[in-house]
1. Using only the heavy atoms of the protein chains and a 1.4 Å probe, how would Tyr124, Tyr22 rank by accessible area, largest first?
2. Once ligands and nucleic acids are excluded and a 1.4 Å probe is used, how much of Asp27 is accessible, expressed in Å² to the nearest 10?
3. Just the accessible area for Glu64, please: 1.4 Å probe, Å², rounded to the nearest 10?
4. Could you tally the net charge around Arg61, taking each other residue with its Cβ under 12 Å from the Cβ of Arg61, Lys/Arg +1 and Asp/Glu -1?
5. For region 34-96, state the semi-axes of the equivalent ellipsoid (square roots of 5 times the eigenvalues of the alpha-carbon gyration tensor), sorted largest first and rounded to whole angstrom.
6. Translational diffusion coefficient, Stokes-Einstein: compute it for region 1-132 using the Kirkwood radius over C-alpha pairs as Rh, at 4 °C and 1.567 mPa s, and state it as an integer in µm² s⁻¹.
7. Obtain the nm distance between the two label points defined at Thr90 and Arg33 by a simple spin-label model: each point lies 7 Å from its Cα along the Cα-to-C-beta direction.
Amino acid sequence: MITPLPPGRHLLRAKDLIDARYREQLDVPALARAARLSPAHFSREFRRSFGETPHQYLLTRRLERAAALLRNTDRTVLNVGLTSVGSFTTSFGRAFGMSPTAYRASYPPASARIRIPTCVLQAYARPRSNGSREDNGDRGR
């Protein structure tokens, strides 16, 4: 006999879906289907289990990803699933206490933190051929 999964496992499916696909337009009915629950029951159980609504959790994931992009890159952050610049700026300000522009400015520029792989450094640090004996095959002449 197959033992049914506890309800919390179904909720984790929806939470994992949000974590993996935060860029996509996810709504409560789609998340509820992933959890195999009705939308209303899913919303209640998600909030009870995780302390916030599915929408709040999705927004938090998107804002965290946007903050990471602002800290570590010079790319735009609207590719994290947020479509309105105005609502993004407002939500980001509420979550982080400053505008996205001020947040990015509070970290060193991305170009200052670029890590160049050792193999690339070694390749560019190698001396160039200057026509010496070893380079042109004149051994001991």
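1. Tyr124, Tyr22
2. Approximately 80 Å² for this residue.
3. 90 Å²
4. Surrounding charge for Arg61 is 0.
5. Three semi-axes, in Å: 27, 11, 11.
6. The Stokes-Einstein estimate is 72 µm²/s.
7. Once both label points are built, they end up 3.0 nm from each other.
The values are calculated or read from the model by the stated rules, or taken from the named source; none is laboratory data. Just so you know, these numbers come straight off a predicted model, no measurement behind them. We place every Cβ from the backbone using ideal geometry, glycine too, and count neighbours over all the protein chains shown. Heavy atoms of the whole protein, side chains included, go into the accessibility calculation; ligands, DNA and RNA do not. Shrake-Rupley method; radii C 1.70, N 1.55, O 1.52, S 1.80 Å.
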